[in-house]
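The values are calculated or read from the model by the stated rules, or taken from the named source; none is laboratory data. Because the structure is a prediction, the values reported are computed rather than measured. Using ideal geometry, Cβ is built from the backbone for each residue, glycine included, and neighbour counts are taken over all protein chains shown. With ligands, DNA and RNA removed, areas are computed over all heavy atoms of the protein, side chains included. Shrake-Rupley method; radii C 1.70, N 1.55, O 1.52, S 1.80 Å.
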Amino acid sequence: MKNKIIFLILVALLQISTGYTQSFDKAKIDSFFDRLAEKHKAMGSLTIAKDGQVLYTRAIGYSQINETGKKAITAATRFRIASITKMYTAVMIFQLVEEGKLKLTDTLYQFFPQVANARKITIAHILGHRSGIHDALLDKNLRPAAGWNAITKDEMFAIIAKGTPDFEPDAQHAYSNSGYAILGLIIEKLTGKPYEEALRERITARIGLRDTYIATGDIDVNKNEALSYMDLGGNWKQVSEPPSSLLFGAGAIISTPTEMAQFIQALFTGKLISPASLNQMKTMREGEGLGMEPFTFAGKTFYGHTGGSSSNGAWLAYLPEEKLAVAYTTNAKIYPVRNIMSGVIDIYYNRSFEVPAFASIAVSLEVLDKYVGVYSTTAAPVKLTITREGTTLFFQPPGEKAVALEATADNTFTIGGAVVIEFDAAKKQMTIKRGGGIRIFTKDN
């Protein structure tokens, strides 16, 4: 009788535990992603995993769109994860430290004396974005005239070496892709192997990742990699991405959300580096660790990294106390990725969250007509035309189809959420904002 009671108690506890891990409202996350897809606010893939077990996956949109059809995104679709690559690079650096091949206090002069301030810059400074190394790889004045063309590692380093320091080492914090590209080169020097081979031996093969690797060229649809798109008034248009050779150790890895979750679970459970090294990674200074960042979602502190380039975006977050990983990747970065992550996590914890309607507001015809006209700028030989049909404004670049503008305020409109257009009727100006860039156009008539 006693054994039967114990057995029943154990079964009850197991049921409670199982119920807890599956108690979040999966249907509501489905509704959220259905709405994102319906309103052309995102395409991408999500994974929620706890204690190494996948609890939920969802994919929306397409990895490839052409004249013959559309290829749907699935949980197996591979994405460029951009700056989340930095976590993998940092892990390999800490592995080399644990092997005695490197110290965090070693200076850059031991490896690349050509870089300004190399005698003062330490490995720790670079990991924590406190080196002062100018982000030359993103500087239009230092990159080759060809812009986003593929380059060799020697050409990449030559660009970095041209940069003038932004500040003295450790004086402040400033994000530097160039610094992590250098860390990738240091990994190659110390291992005697290409970065992609070091990644395979030190991380992916060790924990059984088959869909995680460094990109070696353009996006390859034959490898189930997702092309990038932006929404132009209800139509998806393919856009280009920076070449992987430019991003290297700062942003060249391709993966899936499920394998990203597997990676961060392995990292936090001691399968890749020691607990002491992990503590160094997650020790924050001015909101930045050594290859890791903190996030606050649902009042809880997660650790991980974000990534983004052109229309690609990715987010990897881990809550150590609950061994909870949330990973999201997108090939159409329209609705803010942070908002998607925040919404998913609020739903997971059964917090109050309303699925956005994404409804545009109505603007009077009198106001809309003030914005109609042809706009130009002295910064570029291009004229943009704004027209009205019914209650909708249309935006038309030269030689392109007109696309509908969605009103978010009387003077503010978006193109699929990716481009923001603001009008100032009094000044006869139109301001276009996209990806941090701003350009002002003046009305010709």
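Mean separation of Cα pairs under 8 Å and 6+ residues apart, divided by the residue count of the chain: what relative contact order is that in percent?
18 percent
Over segment 213-308, give the accessible area per residue in Å² for a 1.4 Å probe, as an integer.
In whole numbers, segment 213-308 has 36 Å² accessible per residue.
Enter the Cα centre distance for the pair segment 141-195 and segment 83-129, rounded to the nearest angstrom.
What the calculation gives is 12 Å, centre to centre.
Of the lysine pairs in segment 243-338, how many meet both conditions: Cα atoms under 22 Å apart, and a spacing of 8 or more in sequence or different chains?
Final tally of qualifying lysine pairs is 5.
Can you classify segment 297-425 as rounded, prolate or oblate using the Cα gyration tensor, where a ≥ b ≥ c are the square roots of its eigenvalues, rounded means a/c under 1.5, and otherwise it's prolate if a/b beats b/c and oblate if not?
It is prolate, given that a/c is not under 1.5 and a/b is the larger ratio.
What's the longest piece of the chain with no exposed GluC sites (Glu not before Pro), counting a site as exposed if DSSP puts it in a loop and it has at most 14 other beta carbons within 10 Å?
Excluding the exposed sites themselves, the longest stretch runs over 100-285.
One quarter of the convex hull surface, Cα atoms only: what value does that give for segment 135-255 in nm²?
Dividing the Cα hull surface by four gives the mean projection, 10.2 nm².
Could you pull out every whole DSSP H run in the chain that spans at least 24 Å of Cα extent along its own axis and averages 0.0 or higher on the Kyte-Doolittle scale?
The answer, listed by residue number, is 2-21.
Take segment 256-305, drop everything but the C-alpha atoms, weight them equally and run the Debye formula without solvent; then report log10 I(q)/I(0) at 0.15, 0.26 Å⁻¹ to two decimals.
Cα-only, vacuum Debye calculation for segment 256-305: -0.42, -1.08.
Taking all protein chains in place and a 1.4 Å probe, what share, in percent, of the accessible surface of segment 251-297 do carbon and sulfur account for?
Carbon with sulfur: 50 percent of the solvent-accessible area.
Just going by the charge dipole of the chain, with Lys and Arg at +1 and Asp and Glu at -1 on Cβ, which of 54, 184, 93 is farthest out on the positive end?
54
When we measure straight from the Cα of residue 223, which aspartates and glutamates land under 19 angstrom away, once same-chain ones fewer than 8 places off are left out?
196, 197, 211, 241, 259
Give the peptides 125-138, 328-341, 53-66 in descending order of average Cβ contacts within 10 Å, highest first.
125-138, 328-341, 53-66
Could you compute the net charge surrounding residue 342? Neighbours are other residues with a C-beta less than 13 Å from the C-beta of residue 342; K and R count +1, D and E count -1.
+1
Quick check: net charge around residue 309, other residues with Cβ under 12 Å of its Cβ, Lys/Arg +1 and Asp/Glu -1?
Result for the local shell: +1.
When the helices in the chain are scored as -39500 (n - 2.57) per DSSP H run of 4 or longer and the sum is shared across all residues, what 222 nm value do you end up with, to the nearest 500 deg cm²/dmol?
Result for the chain, helices only: -8500 deg cm²/dmol.
Let me spell out the model: positive unit charges on the Cβ of Lys and Arg, negative unit charges on the Cβ of Asp and Glu, origin at the Cα centre of the chain. What dipole size does that give, in debye rounded to 20?
Dipole about the Cα centre, nearest 20: 540 debye.
What is the Å³ per residue value for the convex hull set by the Cα atoms of the chain?
182 Å³
Going down the list 101/153; 153/401; 71/140; 120/189; 50/70, which pairs span over 29 Å between their C-alpha atoms?
Violating the 29 Å limit, Cα to Cα: 153/401; 71/140; 50/70.
Which loop trypsin sites (Lys or Arg not before Pro) in segment 212-320, with loop taken from DSSP, have no more than 16 other Cβ atoms within 10 angstrom of their Cβ?
271
Note down the nm distance, to one decimal, between modelled labels 7 Å out along Cα→Cβ at residue 175 and at residue 72.
It is 3.4 nm.
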